[in-house]
1. Each residue of region 28-39 in order: what ³J(HN,Hα) in whole Hz does its phi give by Karplus 6.51 cos²θ - 1.76 cosθ + 1.60, θ = phi - 60°, with x for Gly and Pro?
2. Provide 127, 18 ordered by accessible surface of protein heavy atoms (probe 1.4 Å), highest first.
3. List, in the order given, every pair from 109/226; 81/259; 42/173; 42/191; 37/226 whose Cα-Cα distance in the structure shown is over 28 Å.
4. Please turn the phi angles of region 53-64 into ³J(HN,Hα) values with the Karplus equation 6.51 cos²θ - 1.76 cosθ + 1.60 (θ = phi - 60°), one per residue in order, whole Hz, x for glycine and proline.
5. Using only alpha carbon pairs under 8 Å that are at least six residues apart, calculate the relative contact order of region 1-104 and give it in whole percent.
6. Out of residues 5 or more away from residue 118 or on other chains, whose amide H comes under 5 Å of its own, with H placed 1.01 Å from N in the peptide plane?
7. So if I place +1 on the C-beta of Lys and Arg and -1 on the C-beta of Asp and Glu, and nothing else carries charge, what would the dipole magnitude of region 1-99 be about its Cα centre? I want it in debye, nearest 20.
8. Once you charge only the Cβ atoms, +1 for Lys and Arg and -1 for Asp and Glu, what is the size of the charge dipole of region 13-166 about its Cα centre, to the nearest 20 debye?
Amino acid sequence: MLNISEYRDLISLFGEFSEKELSPKRLEIDKGGEAFKNAIKKLEGLGVFDEEINSIPLPVKIKIIIDLSKGEAGIAQFVAKSWTVGDLGIARSEKLVQFPSERVYYNGKLAEFKGENVDVLGLRSCSWAFGEIRVLRDYGNFDKEILFYDIACLVGISEAALESAENYAKERKAFDRTIYDFEEIRGFIQKGRSYVEGIKGALLVSEDPMNLLNLALEMAYFCTDKAMQIFGGYSFINEYSVQKFLRDARMLRSLLIRKLW
């Protein structure tokens, strides 16, 4: 049985990077451009794209993706894509491509893609394109590994949303006390944490991520929605990152929900 604590130093390295380099610049990175490129360049310096990473057990890589997603889900998506299909884009549907390139991975196939870049509601720091896909040949099925990382992103987004909401609740006052003192507010946060810890624990030992997908989607919806409610009207102001968690979670939901059909 894997002892994940053996990789504590490696996991902590990327957890610290996420906390110090990504989280403070989350909204800036969300706009793409130089901030995104600079973050990727720093990750390259830490060796996240080195070939040696392939020898690391999947649960360890899942934990790294969770931590990176707490800082910026788009960065985590880029790293996960690089680990699975390298320099290929990922076709999320017959039309939509994430991190577009002329060659894309599509349901176990290598495909040719032609299209134009588009802006989307969530995961803005990811590059997207809309166009036509032409299947070339079998490539190898990476769907399961990609889904592991997608669920890891949902866990990281949910955890970050709860932490943001809890910190805000402990500062925001109403009726001469912090709103965290209200039982209902604490209940939302505690229920969300139980969701997150349950999915996270199962994800690190699961052999089939499809068994967790429905619960993970419910978790992300609950955590990001309740975080928005706790922030109240401030949640709609772009200066607060809580609205970004909701956007990213909803975007991933729209990509993944079709797998349950």
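The values are calculated or read from the model by the stated rules, or taken from the named source; none is laboratory data. Since the model is a prediction, treat every value here as computed from it, not as a measurement. Virtual Cβ from ideal backbone geometry, glycine too; neighbours counted across all protein chains shown. Protein only, heavy atoms only, side chains kept; ligands, DNA and RNA dropped before computing areas. Shrake-Rupley method; radii C 1.70, N 1.55, O 1.52, S 1.80 Å.
1. Working through the residues one at a time gives 5, 5, 4, 7, x, x, 5, 4, 5, 4, 5, 5 Hz.
2. These residues rank, largest area first, as 127, 18.
3. Pairs exceeding the cut-off: 109/226; 42/173; 42/191; 37/226.
4. 5, 5, 7, 6, x, 3, x, 5, 5, 4, 5, 5
5. Reported as a whole number, the value is 27 percent.
6. Counting only residues 5 or more places away or on other chains, the set is 128, 129, 130.
7. Dipole size: approximately 360 debye.
8. 300
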